[in-house]
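What follows is a short report on a single structure.
The values are calculated or read from the model by the stated rules, or taken from the named source; none is laboratory data. No experiment lies behind these values; they were computed from the predicted model shown. As a convention, Cβ positions derive from the backbone with ideal geometry for all residues, glycine included, and neighbour counts pool all protein chains shown. The area values use the complete protein model at the heavy-atom level, side chains included, leaving out ligands, DNA and RNA. Shrake-Rupley method; radii C 1.70, N 1.55, O 1.52, S 1.80 Å.
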Amino acid sequence: MNDTYATIRAVHMGRPLRHEGPDPWVTAIVKTPVSGPVTLTELGLLGDGHADLVNHGGPDKALCAYSFDHYPFWIAQLNRDTLQTGAFGENLTVAGLVDAVACIGDVMTVGTAT
């Protein structure tokens with residue numbers, strides 16, 4: 001990734017929750033901030049969950065990162081004053097990592113995790 005450095009703004013985790021209604025559904029998109037060290041395994045962050053194991057989780061989808069650099073666009077698009085980090089269900093909210101520099105196949109290191 002051509003030595004581009006990003007900053008982690010926040011780390012989030014959540015567990016699958018059932019949402020009631022005429023068509024009940026289960027999702028783990030609701031994430032809450034955590035502080036302190038977390039453990040990343042090849043299946044994801046310990047303590048985080050995935051409701052849809054076909055499309056989320058596993059060795060190739062263990063962690064979701066989203067760039068804080070995109071938040072101003074969404075704040076304007078959604079006509080909001082602000083959005084809390086984790087609003088897009090991401091585990092890592094990062095700054096300084098945008099689509100123009102991140103590519104499929106990039107290898108990133110955070111702490112002791114690669």
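Things to note:
- Residues in the stretch 35-52 that are open to solvent by 80 Å² or more (accessible area, probe 1.4 Å) and touching a residue at least 40 places away in the same chain (Cβ under 8 Å): Pro37 alone.
- Matching residues, the stretch 54-89, being exposed (fewer than 12 other Cβ atoms within 10 Å of the Cβ) and not hydroxyl-bearing (Ser, Thr, Tyr): Val54, Asn55, Pro59, Asp60, Pro72, Phe73, Ala76, Gln77, Leu78, Asn79, Arg80, Asp81
- Count of the stretch 1-27 residues which are over 15 Å from Thr85 (Cα atoms), surrounded by 13 or more Cβ atoms within 10 Å (Cβ to Cβ) and of a type in the set (Lys, Arg): 1
- Test: Thr93 is hydroxyl-bearing (Ser, Thr, Tyr), open to solvent by 70 Å² or more (accessible area, probe 1.4 Å) and either outside any loop (DSSP other than H, G, I, E, B) or more than 21 Å from Tyr5 (Cα to Cα) (or both): no
- Any hit, the stretch 27-34, residues being in contact (Cβ under 8 Å) with a residue 12 or more places away in the chain and within 15 Å of Gly111 (Cβ to Cβ): yes
- Within the stretch 58-77, residues that are in a strand (DSSP E or B) sit with their Cβ atoms under 6 Å from residues that are open to solvent by 60 Å² or more (accessible area, probe 1.4 Å), at 6+ positions apart or across chains, in these pairs: Tyr66/Phe88.
- Among the candidates Val101, Val30, the residue that is open to solvent by 40 Å² or more (accessible area, probe 1.4 Å), in contact with a Ser or Thr (Cβ under 9 Å, 6 or more places away or on another chain), under 26 Å from Thr114 (Cα atoms) and in a loop (DSSP other than H, G, I, E, B) is uniquely Val101.
- Residue within the stretch 73-87 that is charged (D, E, K, R) and at pLDDT 95 or above present: yes
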